[in-house]
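What follows is a set of notes on a single structure, which appears directly below.
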Amino acid sequence: MKYSALFVSAVLLSGSVSAADLLVTESNSKAGVVASLDVVSDGNVSVFDFFLNTGKINPSGVDCSKCFADLPKGFTGSFKAHESGVQFVVMADGMTALPAGVVSLGQISFKTSAKIQPGSLAIERLEMSDVAGNVVQSNSRVAE
């Protein structure tokens, strides 16, 4: 988590953050690969979805029990592991948006049985919207 905070700080200081950024910070552990999930926004994101491409994996080795552990109250998240990655959807339970700044969502773990290759994570099909359903300009980054 310390590395995630350092990366988020570096992105904020670089001045390249758009209206909303999805940040995935990957790290290796004895148990496998762990990725922290964070959003940096202007306070206008109400719903978003993305696909975390992992390359070919064993979906039973994906542990998302902490994926939404840090998600703010009033938001719900869901995921579905596939052989090529994990689909995520996060939405507000009402007409609200994520707070402005850095919002930690949680962590996803890939056990060694998932057979993921370190450094193989890529974010695809990121879409973010505001409370009115308007598209929010967004970018995504994966850091190791």
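The values are calculated or read from the model by the stated rules, or taken from the named source; none is laboratory data. All values reported here derive from a predicted model rather than from experimental measurement. No Cβ is skipped: glycine too gets one built from the backbone with ideal geometry, and neighbour counts run over all protein chains shown.
Taking first residues from region 45-61 that are within 16 Å of A114 (Cβ to Cβ) and partners that are surrounded by fewer than 16 Cβ atoms within 10 Å (Cβ to Cβ) and hydrophobic (A, V, I, L, M, F, W, C), the Cβ contacts under 6 Å between residues at least 6 apart in sequence or on separate chains come to N53/A122. Taken over region 108-134, the criterion of being of a type in the set (S, T, Y) and in a helix (DSSP H, G or I) is satisfied by T112, S113. Looking across region 46-105 at every residue that is surrounded by fewer than 17 Cβ atoms within 10 Å (Cβ to Cβ) and among the β-branched types (V, I, T), the one that is nearest to R141 (Cα to Cα) is identified as V89.
Figure legend. Inter-residue proximity from region 131-144: first residues farther than 22 Å from T25 by Cα, second residues surrounded by fewer than 14 Cβ atoms within 10 Å (Cβ to Cβ) and of a type in the set (A, V, I, L, M), beta-carbon distance below 6 Å, spacing 6+ or different chains. Indicated pairs: V131/M95. Would you check which residues across region 29-57 are at pLDDT below 90 and over 21 Å from H82 (Cα atoms) and list them? Hits for region 29-57 are S29, K30. Scanning region 17-41 for residues that are of a type outside the set (G, A, S) and touching a Phe, Trp or Tyr at 6+ places or on another chain (Cβ under 7 Å), we see that the one that is surrounded by the fewest Cβ atoms within 10 Å (Cβ to Cβ) is T25.
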